[in-house]
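Down below is the structure, laid out as structure tokens.
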Amino acid sequence: MHFTLKQLQVFLAVANHENVSHAATELAMSQSAASTALKELEQRFEIQLFDRIGKRLQLNEQGSLLRSRATALMSRAEELESSLKQHSEVGDIKVGATLTIGNYLAIGILADFMNQHSQSNVELTVENTEAIAARVRNFELDIGLIEGELQHSDLEVQHWRDDELCLFCAPDHYLARKEKLDDLDLVSAQWIVREQGSGTRQAFDRGMSGILADLDLRLELQHTEGIKRAVEKGLGIGCLSGITLQDAFQRGSLVRLEAPERSWNRRLYFILHKQKYVSSGVRSWMEHCRRV
């Protein structure tokens, strides 16, 4: 074999940081050693993997092609190393979750996972659907848990579980007294909704098909709790996953609204990079998720 795993490790670190010095720091090696490893890899195969732009190294076409394969190979090598050391069958994993999942489901899953796999660490990143998908595509995350539907040639999307959006308002809102809302009610109200790019917003827009352009979207907020507080203060009515509203409904601080003529069902998904090896840790994480 005419390359080493260390050379691939340096290449991937430089690709992530676009800087040899930062990559060397991450790998606990000197900058000169990192530079030498990268240079030897390129010279051995007479290839240039980066475009040099000042102090920044930017992946070129050849580097991008190597990155996905090198990441898959390193994942397999790391799992083999973990198995050989017999530290744990399940290694550390990096998980991304959209805001509803991250704030209301993932912490419980994480606690259950780490109780069973005490030597494994889970790094949890919480952002909206577009951001999580981008991080999975860029090999920054091992797996994503998302609310929105998406299609991308690099991503494998698997159904995880079903979910339902709920409409809600403050107890003293004029619509709180109505048993069922029709389209005229929906158009007459002011709305507090999630931002574009979120899975919840995607499902809301789909549920409002045909009247979306007529809705009065008073506020668009990124955070679920902010939307709930704004609705409690009477600024409008909202639409969020029922997962996020159970406590508020029980307390009576928010009231559920019914609009049976429209569909509020949706799905939650796992997303994985097609070129990234699915480790035992990721498989175990998915099993824990399915128990929820």
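The values are calculated or read from the model by the stated rules, or taken from the named source; none is laboratory data. Given the structure is predicted, the values throughout are model-derived calculations rather than measurements. Cβ atoms come from the backbone with ideal geometry, glycine included; neighbour counts cover every protein chain shown.
A few remarks follow.
- Just one of the numbered conditions (1) under 20 Å from residue 171 (Cα atoms); (2) part of a helix (DSSP H, G or I); (3) free of Cβ contacts under 8 Å to residues at least 40 places away in the same chain is not true of residue 249: (3).
- For the range 122-151, taking the residues that are polar (S, T, N, Q) and within 8 Å of the chain's Cα centre (by Cα), the one that is nearest to residue 195 (Cα to Cα) is identified as 128.
- The lone exception for residue 283 - which of (1) part of a helix (DSSP H, G or I); (2) not assigned by TED's automatic domain parsing to the domain that holds residue 129 it fails: (2)
- Residue match in the range 177-185 (condition: in contact with a Pro (Cβ under 7 Å, 6 or more places away or on another chain), assigned by TED's automatic domain parsing to the domain that holds residue 238 and either among the basic types (Lys, Arg) or modelled with pLDDT under 95 (or both)): yes
- Of the criteria (1) in the same structural domain as residue 105 (by TED's automatic domain parsing); (2) hydrophobic (A, V, I, L, M, F, W, C); (3) touching a Gly at 6+ places or on another chain (Cβ under 9 Å), which one residue 192 fails: (1)
- Of all the residues in the range 163-188, those that are over 33 Å from the mean Cα position of the chain (by Cα), aromatic (Phe, Trp, Tyr) and under 28 Å from residue 101 (Cα atoms) number 0.
- Test: residue 41 is more than 22 Å from residue 274 (Cα to Cα), crowded, with 18+ Cβ neighbours inside 10 Å and among the aliphatic types (A, V, I, L, M): yes
- Unmet criterion (only one of (1) closer than 22 Å to residue 146 by Cβ; (2) surrounded by 13 or more Cβ atoms within 10 Å (Cβ to Cβ)) for residue 209: (2)
- Look at the range 276-288: where a residue is touching a residue at least 60 places away in the same chain (Cβ under 8 Å) and a partner is of a type in the set (A, V, I, L, M) and part of a helix (DSSP H, G or I), sitting 6+ places away or on another chain with Cβ atoms under 6 Å, you get 276/72; 277/72; 288/109.
- Residues in the range 135-155 that are within 22 Å of residue 292 (Cα to Cα) and outside any strand (DSSP E or B): 5 in all.
- Among the residues of the range 156-174, the ones that are surrounded by 17 or more Cβ atoms within 10 Å (Cβ to Cβ) and outside any loop (DSSP other than H, G, I, E, B) come to 8 in all.
- Selection within the range 175-196 - hydrophobic (A, V, I, L, M, F, W, C) and either farther than 18 Å from residue 263 by Cβ or not in a helix (DSSP H, G or I) (or both): 175, 176, 181, 184, 189, 191, 192, 193
- Hits in the range 267-292 - residues which are within 15 Å of residue 78 (Cα to Cα) and hydroxyl-bearing (Ser, Thr, Tyr): 277, 279, 280
- If the condition is being within 15 Å of residue 237 (Cβ to Cβ) and in a loop (DSSP other than H, G, I, E, B), then the range 197-224 contributes 208, 211, 215.
- Considered as a group, the residues in the range 106-145 that are over 26 Å from residue 202 (Cβ atoms) and crowded, with 21+ Cβ neighbours inside 10 Å include one that is modelled with the highest pLDDT, and that residue is 113.
- Enumeration of residues in the range 75-105 that are crowded, with 19+ Cβ neighbours inside 10 Å, of a type in the set (A, V, I, L, M, F, W, C) and either modelled with pLDDT under 90 or more than 15 Å from residue 142 (Cα to Cα) (or both): 90, 99, 101, 105
- Meets criteria (exposed (fewer than 14 other Cβ atoms within 10 Å of the Cβ) and in contact with a strand residue (DSSP E or B) (Cβ under 8 Å, 6 or more places away or on another chain)) for residue 290: yes
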